[in-house]
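Notes follow once the structure below has been shown.
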Amino acid sequence: MPRPGQLGGKALLLAALVATACAPRNDAANGVLVVEESQQASSFIRNFNPLLEVGDVRWPTLHAMYEPLLIYNPLGGKYVPWLAEHHEWADGGHVLRFQVRAGVRWSDGTPFGAADVVFTFELLRKFPALDTRAIWQYLDAVTSPDPTTVEFKLKRVYSPALFYVSQLPIVPAHVWKDVADPVTFTNESPVATGPFTEVISFEPQAYQVGPNPYYWQGKPAIKAVRCMALPANDQSIISLLRNDLDWAGSFVPAVERIYVGEDPEHHHYWSPPIDGTVLLYPNNTRKPLDDVRVRKAISMAIDRDLMVKVAMYGYTRPADATALSDAYNNYRYQPAVDAGTWVLHDVAGAERLLDEAGLRRGAGGLRRMPDGAPLHFDIGVPVGWSDWIRATQVIVRSLRGIGVDARVQAIDFDAWFDSLQQGTYDMALGWTEVNPSPYGLYRHLMSTETLHPVGEAAAENWHRFGLPAADKLLAQVELATSFEQEKPLIDQLQMLFVENAPAIPLFPGPLWGEYSSRDFVGFPDADNPYAPLSPHWHPQSLLVLTKVKPR
Amino acid sequence: MSYLLRRIGFYAVAAWASITLAFIIPRMMPGDPATAMLVRFKGKLKPEAIDALREAFGFTKAPLLEQYWQYLTHVVRGDLGVSVNYFPETVSGVIGGALGWTMVLAGVSVVISFLIGSLLGVLAAWRRGSWLDTTVSPVLIFLGAYPYFWLATVALFVFGFTLDWFPLRHAYADNLPPGILRFLGSAITHAVMPATTLVIATIGGWMLGMRNTMINVLGEDYVTLAHAKGLPSRRVMFRYAARNALLPNVTGFGMALGFVLSGSLLTEIVFSYPGTGYLLVAAVRSRDYALIQGLFLTITVAVLAANLLVDMIYVWLDPRARRSS
């Protein structure tokens, strides 16, 4: 799966051609917001099933139609009350209680209530294929003691439950109770609580959804939201330049010149580094990468300033040693950042550490293993991901500088991902996830529970590193139901990560977003950072859709 | 007649072989579809859900032979399974939506390209050394030698983006008022650029092939005899020379027609055209076995059907084929 924005080569060629042209035009009728679909496609299937995230669902389903109890906002790291006005932990963390909002109606006029929430979770229990986050693994029962309260009883205290439970889109019981198989249900005429619920037109190459007449925040000012089929990044860029797209989340090379320069008054972009941090994963089961000194030396050899400039066009910053992106700013522990000197460019220090580890320079200035065997690393990266490939080239050059022989290994995406999961690689570039708490990140990076032997597919912990001390802290985080309880534990996890350097943070990923203010105002940006700008994050896009207005 | 019967028998065996290959080849690719699914969700899916989804998507861990048998019986019934990419849409539904557009766009382009190219080839050979032969032919070959992607992108940029003569994307305007004529008009305007680039990229080959065989044929005794007997030159050119020279090109035409369904993927990507070529790329990328199989099968049937058509044209063009039984 290509990330939007990764097919850089072609995009660059096209963008270079396009940069010389101009002819702004807007096809869409007034008041119609044209949004980039989340799927790159040449035609669309009419499917608005919000529980079928693994299926091919249309963009509005999760971004504009169905709403969750709360919306987690990575900018500021807070939960925004949505269908629930209030939430609390009770019974020592065994019960998670939500007060649902009064006065919310489904788009057919039926009142929304706690029973709908209970129904939705029961649906997940009955159909495990819909429970993609395995919520029922720790959930014991969902009940509604009164029409505005929902109680989630947990099998054990597990604080990450709040995120997964609160982000689930809620479906109407009165409609879905008659659906025979919700796994293959395509929900062609959706009934939902969100701002845009009415399918005005649906053609295989474009469709339009109109406002929900009963929306609880008042009828939206935008007349309709329109999406069209764009099979590749080039088409997104061309559409942005022609003002055929009002809101997109694609990587645009040299965005200042190509997009903003075209119409500085109306064309805007914002790419805060709040996506997951990109890491260089060393395979901890392979010598000499099992030696913390070697891992730190490799990290110290890398010139991250150069990498950010060359590989990322300066759209992000060098990572610090905690591996936390800007989405976790409220968790960042300064002593851990200060202790992580091994992310600073220090060639002499790197050489010293490698000498200490017994990897001495041999003939030709290249370092060898302590037993004299040649030392060589292949660094895996998916072919076509031009920014990552350039980053890897910087790493390779840096490593050569300290006498370590390395090579860029650009391979097919599936082969690359397979080697990560199976643990059959030397080193590889890879992403990390963004959740409300760094719990998931450090579980992926240091837990023995996510650790699988080489040859067995591991969904997480690709570098294969586990630390019992981390397990203990992670277990305590699961019990912590407030930020104040959680923070000191996350601090310790950060210290643990910085000490052991199980993987090498490179830079936090920028979250891309572009918008045109010709016809609409109210998009988030650096001056008004109320939500991420990307239309590809759900349910966060609801925050944007309820703020944006026609000019 | 028995010539055609033998050909049909041959095609039946070929169809079985390709149906089997469509089953085997995707399974020889590295990685498995469940992993591919994991990839799409960046590891967000939990193992419990994956097991349940495997079932919903129809992945089985049954022995290959059993899967093969099930596949064969389903194919016979016309049930190609469920697409992972477009879940819960069926493979037949996905292909059905795209097939028409590709067949019309690429099919018409191939036919136009073949007809015009062959005609130009005949004329170029007939008037050797004329401007048609010395200028048009090399220019067309030159254009055809360009990487198609580049050619299409430049066309999109110049005629779509800068000059705004043709629409930038899609097969028809989706916000049209109802009316079959309006729809057709819109579909034709949308097809002009992709079809033209397809024709430009391929016409040189037809022309050159036709011209070269034609020159050979023109040296044959029967052409000289026809001239000597005083037949009108148009008749000699078309009925005697071109008819014989056409045979190798017709074989190529059959191949091109068959590969219409798979060959136009770059067109479809550049011009956002909703056809099967793009489907195939996306399906291979995400290990959508069922969709890959379905597309392979469709392409195979198309290639075989086109070849059968060519065989029939052969019988009509070449009396020797009729008598060879």
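Here is how the numbers come out for the structure above:
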quantity	calculated
Part-to-part distance (alpha-carbon centres) for segment A:57-120 and segment B:206-233, which is given in Å	80 Å
q = 0.07, 0.09, 0.10, 0.11 Å⁻¹: log10 I(q)/I(0) that the Debye formula gives for segment A:277-508, counting C-alpha atoms only	-0.21, -0.35, -0.43, -0.53
Label-point gap, in nm, between A:Val521 and B:Leu119 - each point 7 angstrom along Cα→Cβ	5.9 nm
Shielding by partners - mean other protein chain Cβ count within 10 Å, residues of A:427-433	1
At q = 0.11, 0.14, 0.16 Å⁻¹, base-10 log of I(q)/I(0) for segment B:99-280 (Debye sum, equal scatterers on each alpha carbon)	-0.56, -0.81, -0.95
Separation between Cα centres of segment B:303-318 and segment B:1-21, rounded to whole Å	13 Å
Size of electric dipole in segment A:70-176: Cβ of Lys, Arg +1 and of Asp, Glu -1, about Cα centre, debye, nearest 20	260 debye
Two-site FRET efficiency, A:Asp338 against A:Asp305, from Cβ-Cβ distance with R₀ of 22 Å, rounded to 0.05	0.75
Additional length obtainable on full extension of the chain from A:Thr448 to A:Leu366, 0.36 nm per residue less Cα span	26.1 nm
Between helix A:386-401 and chain A: long-axis angle, C-alpha atoms, 0 to 90°, nearest 10	20 degrees
Residue-by-residue Karplus 3J(HN,Hα) for segment A:345-352, coefficients 6.51, -1.76, 1.60, Hz, glycine and proline x	5, 8, 5, 4, x, 5, 4, 4
Spin-label pair A:Ser189/A:Lys155, simplified geometry with 7 Å Cα→Cβ offset, distance in nm	4.1 nm
Neighbouring partner chain Cβ atoms per residue of B:150-158, average, 10 Å criterion	2
Neighbour count of at most 12 Cβ within 10 Å plus DSSP loop: longest trypsin sites (Lys or Arg not before Pro)-free window in chain B	B:128-228
Which listed pairs, of A:Lys153/A:Lys487; A:Lys287/B:Lys61; A:Lys296/A:Lys472; A:Lys78/A:Lys549; A:Lys126/A:Lys153, have C-alpha distances above 27 Å, in listed order	A:Lys287/B:Lys61
Zone residues, segment A:101-142, relative to B:Asp51, backbone N less than 11 Å from point 7 Å out along Cα-to-Cβ	none
For residues of A:203-214, the mean tally of beta carbons on other chains within 10 Å	3
Estimated FRET transfer efficiency when R0 is 60 angstrom, pair B:Arg127-A:Ser201 (beta carbons, to 0.05)	0.65
Relative contact order computed over chain A (Cα-Cα under 8 Å; 6+ residues apart), in percent	20 percent
Separation in nanometres of the label points that stand 7 Å from Cα toward Cβ, at B:Tyr146 and B:Thr224	4.4 nm
3J(HN,Hα) from dihedral phi, segment A:112-119, Karplus parametrisation 6.51/-1.76/1.60, rounded to Hz, x for glycine, proline	8, x, 4, 4, 5, 5, 4, 4
Cα-centred dipole magnitude for segment A:222-317, charges only on beta-carbon of K, R (+1) and D, E (-1), debye, nearest 20	580 debye
Karplus-derived HN-Hα couplings along segment A:222-237 (A = 6.51, B = -1.76, C = 1.60, θ = phi - 60°), whole Hz, x at Gly and Pro	6, 5, 6, 10, 10, 10, 10, 6, 10, x, 8, 4, 4, 5, 5, 5
Long-range amide H partners of A:Phe520 with built H, under 5 Å	A:Arg551
Top positive-direction residue, dipole computed over the protein assembly as shown with Cβ charges, set A:Cys227, B:Leu4, A:Ile490	B:Leu4
Residues of segment A:319-345 with amide N under 15 Å of the 7 Å Cα→Cβ point at A:Lys487	A:328-336
Built amide H within the under 5 Å cut-off of A:Ala141, gap 5+	A:Lys153
Whether chain A is rounded, prolate or oblate, judged on the alpha carbon gyration tensor where a/c under 1.5 counts as rounded	oblate
Dipole axis of chain A (+1 Lys, Arg; -1 Asp, Glu on Cβ), positive-most option in A:Pro370, A:Pro535, A:Leu130	A:Pro370
Among A:Pro468, B:Met214, A:Met312 - extreme Cα towards positive end, dipole of the protein assembly as shown, charges at beta-carbon	B:Met214
Protection-proxy order for peptides A:94-104, A:256-266, each taking the mean of Cβ atoms within 10 Å per residue, highest first	A:94-104, A:256-266
Packing-based ranking, highest mean first, of A:166-176, A:42-52 given that Cβ atoms within 10 Å are counted	A:42-52, A:166-176
Kyte-Doolittle at least -0.5, axis length at least 18 Å by Cα - qualifying DSSP helices, chain B	B:2-28, B:64-77, B:91-126, B:180-218, B:243-258, B:289-317
Charge dipole magnitude, Cβ of K and R +1, D and E -1 - segment A:277-508, Cα centre, debye nearest 20	800 debye
Interchain or long-range residues, amide H under 5 Å from A:Val104's placed H	A:Phe112
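Laboratory data are not the source of any read-out in this text; all were calculated from the coordinates shown. Computed from a predicted model, the values in this text were never measured in an experiment. As a convention, Cβ positions derive from the backbone with ideal geometry for all residues, glycine included, and neighbour counts pool all protein chains shown.
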